[in-house]
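Read through the structure below, which is laid out as structure tokens, and then see the notes.
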Amino acid sequence: MEAVETGRFTIGVFQDVPWAQRGLEALKADGFVAESLSIIAKDSPDVSALVQAALGDAGQTMDVRGLGSVRARGPVVEALQGGEQSLATKGIAASIRFVGFQKHDGFIYETLASRGGILVAIRSEPRAADALALLMAYGGGNAAIGAWTGRV
């Protein structure tokens, strides 16, 4: 897979673990490697098992403003935690701009995740349209591509 800018992602939110599992399996079958995938969801045994199966380890448990205790793993977590932002103090809505989305997008993702949705992000700018199509085809709600480099 080609090297990509770490700050650009395609994101969607699945309604529950079974839908997210199908979506993640489709992404991996289409050549998206586990290292390019991220999951953020309210912590539960089912979510922990999903993260373990899809990404190779159970990730970390962390507190996220607006969501509470979540299970998180992947490059979007690192991007949202870096620099001046922190998921614990700012939440997804305020941090999402660091990965190419506007605050209102983050508010939607945060709201869906707070209701039990599974946020899945893919770091793959060269194949962002492919990732978007798969997210949408497998039930990823509010799926969108973050702003491309140079986009005004």
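Tabulated data
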read-out: Sorted by Cβ density within 10 Å, fewest first, the residues V51, V17, V120; value: V17, V51, V120
read-out: Over the range 85-134 - Rg/Rh using Cα atoms and the Kirkwood inverse-distance radius; value: 1.00
read-out: CD proxy at 222 nm, helix term only [per DSSP H run n ≥ 4: -39500 (n - 2.57); per residue of the chain; nearest 500]; value: -12000 deg cm²/dmol
read-out: Stokes-Einstein D for the range 18-104, Kirkwood Rh over Cα pairs, 20 °C, 1.002 mPa s (µm²/s); value: 160
read-out: Spin-label pair R115/Q15, simplified geometry with 7 Å Cα→Cβ offset, distance in nm; value: 1.0
read-out: Cα-centre dipole for the chain with unit charges at Cβ (Lys and Arg positive, Asp and Glu negative), debye to 20; value: 340
read-out: Rounded to whole Hz, the Karplus (6.51, -1.76, 1.60) HN-Hα couplings of the range 71-80, x for glycine and proline; value: 9, 9, 7, x, x, 5, 5, 4, 5, 6
read-out: Sequence-separation-based contact order of the range 1-148, relative, with Cα cut under 8 Å and 6+ spacing, percent; value: 40
read-out: Point-charge dipole on Cβ atoms (K/R +1, D/E -1) for the range 59-119, about Cα centre, debye to 20; value: 100
read-out: Within the chain, longest stretch clear of exposed GluC sites (Glu not before Pro) (DSSP loop, no more than 16 other Cβ within 10 Å); value: 6-83
read-out: Principal semi-axes in Å for the chain [√(5λ), Cα gyration tensor, largest first]; value: 19, 19, 14
read-out: 16 Å reach of a label modelled at S69, 7 Å along Cα-to-Cβ, counting backbone N of the range 17-46; value: 41-46
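Values quoted throughout were computed directly from the atomic coordinates according to the rules given, and no laboratory measurement underlies them. Note that the coordinates shown come from a computational prediction; the quantities given were computed from them, not determined experimentally. All Cβ positions, glycine included, derive from the backbone under ideal geometry; neighbour counts span all protein chains shown.
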